[in-house]
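Since the structure comes first, as structure tokens, the remarks are kept for the end.
The values are calculated or read from the model by the stated rules, or taken from the named source; none is laboratory data. Everything quoted here is computed from the prediction, not taken from an experiment. Ideal geometry is used to build each Cβ from the backbone, glycine not excepted, and the neighbour counts take in all protein chains shown. To get the accessible areas, we keep the full protein, side chains included, count just its heavy atoms, and leave off ligands, DNA and RNA. Shrake-Rupley method; radii C 1.70, N 1.55, O 1.52, S 1.80 Å.
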Amino acid sequence: RLGMDRTRVRELEATTRKLTLDVIRLSRSAGRDPSLWSVLTQLVRAAGSVSANHLAVSGARSGREFFAKLCIVHEEAAETAHWLSILVELDGCAPWAGTAECLLEEAQ
């Protein structure tokens, strides 16, 4: 279907799912500071959208739909990277900052 490499699609689905789970774990660590709650909420939503929308990519019925769905994944990954960069810039010395930096690289 659409010439997609199913193995590669599954690998990317696993990668995006792992990103979402890692972001949720990070938010649990950083979530003790009420001043970060709104940033963490946006971050978790964006990361969740990356993996959820990537699942939709494999269901594309045409090349155009595939591309459109993939563009959404790209936008959500960019938003995830944005919120991660905000966290790092706000609190780069926090115990969880190294994790945030690694996740930022993954999101980019």
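What the table shows:
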quantity	calculated
Computed lengthening from ALA68 to ASP22, 0.36 nm per intervening residue step minus Cα-Cα distance	14.0 nm
FRET efficiency estimate (nearest 0.05) - Cβ-Cβ, ARG45 to GLU105, R0 25 angstrom	0.75
Largest to smallest accessible area among LYS69, LYS18 [probe 1.4 Å]	LYS18, LYS69
Per residue accessible area of the chain, 1.4 Å probe, in Å²	61
Estimated [θ] at 222 nm from DSSP helical runs (n ≥ 4, -39500 (n - 2.57)) normalised by residues in the chain, nearest 500	-27500 deg cm²/dmol
Solvent accessible area, Å² - GLU13, 1.4 Å probe, full protein context	40
P(r) of the chain over all Cα-Cα pairs, binned every 5 Å from zero, in whole percent	2, 13, 23, 22, 14, 10, 7, 5, 2, 0
Simple spin-label estimate for ALA14 and CYS93 in nanometres, 7 Å along Cα-Cβ	4.0
Under the Karplus curve 6.51 cos²θ - 1.76 cosθ + 1.60, θ = phi - 60°, whole-Hz ³J(HN,Hα) for the range 65-73, x wherever Gly or Pro sits	5, 4, 5, 4, 5, 5, 5, 5, 4
Accessible heavy-atom area order of LEU12, LEU55, highest first, probe of 1.4 Å	LEU55, LEU12
THR7, THR20, reordered so the largest accessible area comes first (probe 1.4 Å)	THR7, THR20
